[in-house]
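Notes to accompany the following structure.
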Amino acid sequence: MNRNLNEQSKISRKRWVALLLALPLTACGGQTGAPAGSVPAGQSPVQTPDNGVNLDEEPVDEQEKEESKPEAEADNEAADPKPVQSVSSPTKDRLTANLTGQTETIADNLDTPWEIQFDGSTIYMPLRGGSIMKVQGGERIEQSITMNAKILEEGEGGLLGMALAPDFAKSRQAYVYHTYEQGDQIRNRVIRIQENSDGTLWSETAMLLEHIPGARVHDGGRIAFGKDGMLYVTTGDAQQDSLAQDPSSLAGKILRMTPEGKVPEDNPIPDSYVYSYGHRNSQGIDWTADGTLYASEHGPSGDPGGHDEMNQIQAGGNYGWPTVMGDENQDGLIPPLYHTGEEAIAPSGIAATPEGTLLVANLAGQSLMEFDPQTKQMKTVIEGLGRIRDVAVHEGQIYIVTNNTDGRGSPSAGDDRLLRLK
Ligand SMILES: [Ca+2]
């Protein structure tokens, strides 16, 4: 891994720093507002026949530790991964305090779900191959999306993040992030889609941003609305680590845009989508109730590996990749609140709890963890379910989706599954 900046990106960085010094930093947005409602207790949707467990036989790139189990554990998916750190028992006030370690299956036989979105009691889950699984009452519908580019499901790419529009109840509009091919280049884009009137399929209605650098791995892909009404988007470094420090590249960033795909006037860099930079591959963002934005991030592969991060995101902040990692310090670079040292958990989706902690869905770590930004400690909430891609908190309950069917996990009967923690 080359962590040295090339000459060009050094120049870019000087320009970037100068820009930042000239600009006041703006506060970040608010909490994502999930529509009210609840999933009826005890209702399991009617199951369709196994809709294709995807046993992708493509060998896992040895450099892709961020989504893979360490080599020695590769054949032992059921093994209990060691928690990186343990904290004392949670207080009774915490959402996670009274969990039994049991789960209730809300939907199963899902083909690589990437996100959990709620509209009242209706659940939408984008599947990486390009459709959306809708679970409503006792039924499930696999919805297709008519769009102007072909989704590329390869490596870590495909149909990734989804965010229902804040006015979804009225507009039936949502936003998705997906991988596609442009000539021989892998790219990602953000589009707006609309559900048809009978709720059976979606169509692209607007393209917000395209040509986001992509690669077989490191495609980012989480999107979420802040309370400020802006759409935040995580991108990966597309396996070109110097791009994360290049302000003119959309790679290795957290981007911020209006619901129309424009650059907001109060973004930290004029005429730039870039909200923060120096990220290797973030796949999780959320806001605590006080409006603080947090992001998870995958650390490097190889030696040294590990160094997965939890970051508190500031407008215009430089989070260091690939210049520094772990406890390395350098002026102007913001260190993580927490990193995993030499261990890899490969954190993906995160979700804030009412108490201001963050639930963290882990792929390689095969667990759901809880991170406390005050104590900077991480503890295991549940494990033994395989790889976990996303987590959501809805009406006081915790939901997760497993990620065992994309060729990197060992699917159990019924995987992948949407689960509610009991
Ligand atoms: Ca960092």
Take each of the peptides 272-284, 172-184, average the number of other beta-carbon atoms within 10 Å over its residues, and list them starting from the highest. 272-284, 172-184
Take Asp93 and Gln185, extend 7 Å from each Cα along the Cα→Cβ direction, and tell me the distance between the two endpoints in nm. 5.0
Got the relative contact order for the range 245-292 handy, in percent, Cα pairs under 8 Å and 6 or more residues apart? 37
Normalised alpha carbon radius of gyration of the range 199-314 [divisor 2.2 N^0.38 Å]: 1.08
Listed residue pairs exceeding 29 Å between alpha carbons, taken from Lys262/Lys379; Lys150/Lys262; Lys170/Lys262; Lys227/Lys376: Lys262/Lys379
I'd like to know which of Thr179, Met162, Ile151 lies farthest towards the positive end of the charge dipole of the range 137-192, counting +1 on Cβ of Lys and Arg and -1 on Cβ of Asp and Glu. Met162
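Using only C-alpha atoms and all pairs of different ones, pull out the Kirkwood radius for the range 148-254 in Å with one decimal.
Here the Kirkwood hydrodynamic radius works out to 14.2 Å.
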Relative contact order of the range 187-278, please, whole-number percent, based on alpha carbon pairs below 8 angstrom and at least 6 residues apart. 20
Residues other than Tyr232 with Cβ under 9 Å of its Cβ, Lys/Arg counted +1 and Asp/Glu -1, net out at +2
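As an exercise, use a Förster radius of 22 Å and the Cβ-Cβ distance of Lys170 and Glu204 to find the FRET efficiency, rounded to the nearest 0.05.
0.70
Computed from the coordinates by the stated procedures, all read-outs in this text should not be read as laboratory data. The shown structure was predicted, so the numbers you read here are calculated from the model rather than taken from an experiment. Every residue, glycine among them, receives a Cβ derived from its backbone with ideal geometry; neighbour counts consider all protein chains shown.
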